[in-house]
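Colleague: Structure below; questions to follow.
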Amino acid sequence: MRELQSPQGPHGDMRRSPSRTTSSSTPRAASTLPTYSSTSAVLPWLRSEPWMATIFGLLMASRLGTAGYVTGTPHAVGMNIGILLFDGVEELDVVGPWEVLAAWTGRHPEDGYRVATVSRDGKPVTCAKEMVLTPQHSFSDAPAWDVLVHPGGEGTELLVKDEDHLDWVRGQRATTALMTSVCTGSLVYAAAGLLAGRPATSHWETVEFLEFIDPTIEIREDDRFVDDGDVITAAGVSAGIDMALHLVSRLASPERAAEIKRYIQY
């Protein structure tokens, strides 16, 4: 990774990188990915046969697009979606996906997913515009995540240079079937090496900084989100809502996503 020089952008000091050369490679369309159906038909059976929970986790990890699955904390019956909190996180990067995912999981628990927030120490965090959020978990007591959402915000200026945090992200990559980001969260993924050779996007003011961190990244500046199988990156701020609706479509069904989109009147 190149030395980061006090980057500046929409959330604080994330200075734009030198101009990039537009990639001429053909984008891999997210629409070519398979649609994933609801797990509601099998959950009652799994609850009556707890020993099948591990097999269920393996099968669902495969459905999410991973070639393999490394277990950490044992998964309970059901799948866990975690949204990361940290000081300086952009409010809508968190609350947008939370609204979509909590509406889905709350209205349709039979789909087998639940969503929770997590921070390093479990203590309240102060967001970029001074909203205070209290996470439900710390890194030490969190469940094993099946899906992780890494938001952006001015706090990512420190996280892209925080080796402890980057190591944590790499560890999540090894155990989490689907890694997602919103806005400058993708810069953290790039710094951790998760986006090498992949298509990705970020906020329009910092998207070029992806290439500055890792020149092998295929920049998708005009995409609201980029689904590359087991990694999804979203553009800035409100694009996290689009990405979260895509998650509902992918993990449940397009019909479920349309229902939630109507419910939140988006």
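Laboratory data are not the source of any read-out in this text; all were calculated from the coordinates shown. Just so it is clear, the model here is predicted, and its values are computed rather than measured. Here the Cβ is made from the backbone with ideal geometry for all residues, glycine too, and neighbour counts use every protein chain on show.
Colleague: Quick check on packing: order 194-204, 133-143, 221-231 by the mean number of other C-beta atoms within 10 Å, highest mean leading.
Modeller: Going from most to least packed, we get 194-204, 221-231, 133-143.
Colleague: Further, regarding this structure: Amide H of Val89: which non-local residues (sequence gap of 5 or more, or other chain) have their own amide H closer than 5 Å, using H built in the peptide plane?
Modeller: Sorted by chain and number, the residues that satisfy this are Ala128, Gly155.
Colleague: Across region 159-173, in residue order, what do the Karplus-derived ³J(HN,Hα) couplings come to in whole Hz, using 6.51 cos²θ - 1.76 cosθ + 1.60 with θ = phi - 60° and x for Gly and Pro?
Modeller: Ordered by residue, 3J(HN,Hα) equals 5, 5, 10, 8, 5, 5, 5, 4, 5, 4, 4, 4, x, 5, 4 Hz.
Colleague: A further question on this structure: Pulled fully out, how much extra length does the chain show between Lys161 and Met131, if you take 0.36 nm times their separation in residues and subtract their Cα-Cα distance?
Modeller: 8.4 nm
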